[in-house]
1. Looking at region B:167-200, which of its residues are free of Cβ contacts under 8 Å to residues at least 60 places away in the same chain and more than 14 Å from chain A (Cβ to nearest Cβ)?
2. Within the bounds of region B:243-255, is there any residue that is away from chain A (no Cβ under 14 Å) and part of a helix (DSSP H, G or I)?
3. Tell me which residues, restricted to region A:114-141, are loosely packed, with under 15 Cβ neighbours inside 10 Å and in a loop (DSSP other than H, G, I, E, B).
4. Restricting attention to region B:256-271, does a residue exist that is over 19 Å from residue A:173 (Cα atoms), free of Cβ contacts under 8 Å to residues at least 24 places away in the same chain and within 11 Å of chain A (Cβ to nearest Cβ)?
5. Just wondering, is there one or more residues in region B:254-263 that are modelled with pLDDT of 95 or more, surrounded by 17 or more Cβ atoms within 10 Å (Cβ to Cβ) and more than 13 Å from residue B:198 (Cα to Cα)?
6. Check residue A:191 against each of (1) surrounded by fewer than 24 Cβ atoms within 10 Å (Cβ to Cβ); (2) in a strand (DSSP E or B); (3) under 17 Å from the mean Cα position of the chain (by Cα) and name the one condition it does not meet.
7. Quick one: is residue B:148 assigned to a loop (DSSP other than H, G, I, E, B) and closer than 23 Å to residue B:63 by Cα?
8. Quickly run through region A:86-111 and pick out the residues that are surrounded by fewer than 19 Cβ atoms within 10 Å (Cβ to Cβ) and part of a loop (DSSP other than H, G, I, E, B).
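The values are calculated or read from the model by the stated rules, or taken from the named source; none is laboratory data. It should be emphasised that the depicted structure is a prediction, and the values quoted were computed from it without experimental measurement. Neighbour counts are summed over all protein chains in view; Cβ atoms, including those assigned to glycine, are modelled from backbone coordinates with ideal geometry.
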């Protein structure tokens, strides 16, 4: 990917999304003109690490709207944001294709444009809960200690991956499509780009909201540097790691990518021995999940009726919708049904409210949900070494006086 | 595999394991001499289907001994038992190896012999429970309607797969090892052998009870035809489907086998569309599971203390042992700890007993277990279209007077 590294600085977007200078033509102009000049458009996030940048919003803010504002949309990066010159940018598409080629941003923006609303969520969402007292006898889970905020629901605009694949003519024996980012991650003794991989069947979806996009717009604006400027994958229904940011290369293959972030991370493993990694396949779809966003964890409440709000995400499949959303204030004996509010749309989260009675015996509120494709949040889930896919009942500690 | 089909009938073992005639030499003699002449050595099984043969034992009998007698060991087949002439038999080993070759039974029996006790269990064990009232709004799960008896713990003798792979010299780019059976399964418009596939890392395990074997002996006797005579894989810790019977071919590859039973079956899928299959990897390890074997389902009991027995299987990993085994007679409010009895051995089930108080309100007994590698039996699990890996709490309906 060295040919894609910055060589000129006519148009340069720093990690904060700042337009330093511009000499763009045609439709690409529009892309750059709209870029916000804010130094740090994600100042409202709580950054768990700043190098690389990893931040999530406060849950109370996150739940304010069905469509997540860009500045409240979590940021998950593995290296500093790469500085990419738009006019030098070329997406390479290669591998098991009849006509390998490169695409400039102008090429991509000439292709039929699609607008999709889809929720992205990190596989490590709620990871910090794996280090709770429930798992006292197992090793501490390292990695970014996410709470329940690495989830967001945005609109994405770009061309369909299926259209690009049609253009390059996928060969008969293709089975998987790899994505490689232009970021430069120090991994062991080498530098790699963040890699993703999805089955060809998903890559070829070309109708409905489940179709993967090569997105250059988020919520009607060019991507911020934190979110992958100038181009990122958006794979609705899959864990965020497959929606590779700063997309520089697509490879069509007969097998999943050997990139570290496909072969040796983002898998459910108990131990870190080679057998465990070999036995576990890559995670693609996200499972059902849900969280209580208001009141805050540890809130002091008065006995009586209280109002809760939160989000629920159905399993990442077509036609999967939240069905039952239940809250318990007495440790799971009695359950109150939550009310689903706002839009109900495939591959998107579902906001909800609930009115629940609490009393002086209430020490935590429990939340569980099911969806129409058979997904359910279990009461407990097995520990896993990397702390992924935490989707057991959400537990919110409260004090009631 | 056509070269392995019966062409002579000097030594012929029919589906009942009957020795029709013999002219064997060397150590292979011993193999045939010991073959039991019983017409149907599995007459104690409850056959769910007889063509192909699919039977499981009554749970009350199964739990009588830690080592499962061959005649009580479940039979899971996809086609009639193939008739294989021992002296014509050749195992072919090919693919990404430096020295592909064939092995006669005599060749295999000259290799260092290993004796391993390991539990095999069908991925469809407890499948019939998916058709209980818990899952009223989802499609009925088809396939053999197994109860909790497709599990057995036997001793296996043969050479290690790792030794064979060392002999043929696996090439650098190898990642998976495929197994093909000599059975002939009608699948769509063609005839295929039952196929399995395991990661190379597992195939190369050459110490401890987790090492895969090419077994020709079960419980000190040659395999019965139902269990794969003359040769089968035994892959400790993996679902039974990977322990391919009537083994005829081993292929070393850079990817999992494309055989129907790896690519299009034995996966956790909700729907049967192509995307679902592409997104789900092959199941290898079995998860923790457990069942109550006595008393029988629906028993009439007297109020007071009752004695339960059953099995518990820890997750199919090294050093994974059953930890907590709990029974509830009151719908999950109170739990009584079971007592682990008999041998505790890696890759083997654990028998247990429990003394539980029941009263006139008791309508079912609940069983859950955890293991030392983090495995737990959840209260409920999502439905899946093929009815695999049912390991939620075991529920035994009873009547108490």
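1. Restricting attention to region B:167-200, the residues satisfying the condition of being free of Cβ contacts under 8 Å to residues at least 60 places away in the same chain are B:172, B:188-191, B:200.
B:188, B:189, B:190, B:191 - these are the residues of region B:167-200 that are free of Cβ contacts under 8 Å to residues at least 60 places away in the same chain and more than 14 Å from chain A (Cβ to nearest Cβ).
2. There is no residue in region B:243-255 that is away from chain A (no Cβ under 14 Å) and part of a helix (DSSP H, G or I).
3. If we filter region A:114-141 for residues that are loosely packed, with under 15 Cβ neighbours inside 10 Å, which is where we start, we get A:115, A:132-134, A:136-137, A:139-140.
Once the filter is applied, which keeps residues that are loosely packed, with under 15 Cβ neighbours inside 10 Å and in a loop (DSSP other than H, G, I, E, B), region A:114-141 yields A:132, A:136, A:137, A:139, A:140.
4. Quick first cut of region B:256-271, residues over 19 Å from residue A:173 (Cα atoms) only: B:261, B:265-271.
With free of Cβ contacts under 8 Å to residues at least 24 places away in the same chain added as a condition, the list becomes none.
Checking region B:256-271: not a single residue is over 19 Å from residue A:173 (Cα atoms), free of Cβ contacts under 8 Å to residues at least 24 places away in the same chain and within 11 Å of chain A (Cβ to nearest Cβ).
5. Within region B:254-263 (the criterion being modelled with pLDDT of 95 or more, surrounded by 17 or more Cβ atoms within 10 Å (Cβ to Cβ) and more than 13 Å from residue B:198 (Cα to Cα)), the answer is yes, since at least one residue qualifies.
6. Result: residue A:191 passes all but (3).
7. Values: assigned to a loop (DSSP other than H, G, I, E, B): yes; closer than 23 Å to residue B:63 by Cα: yes.
So residue B:148 fits the description; yes.
8. Selection gives A:87, A:88, A:90, A:98, A:99, A:100, A:104, A:111.
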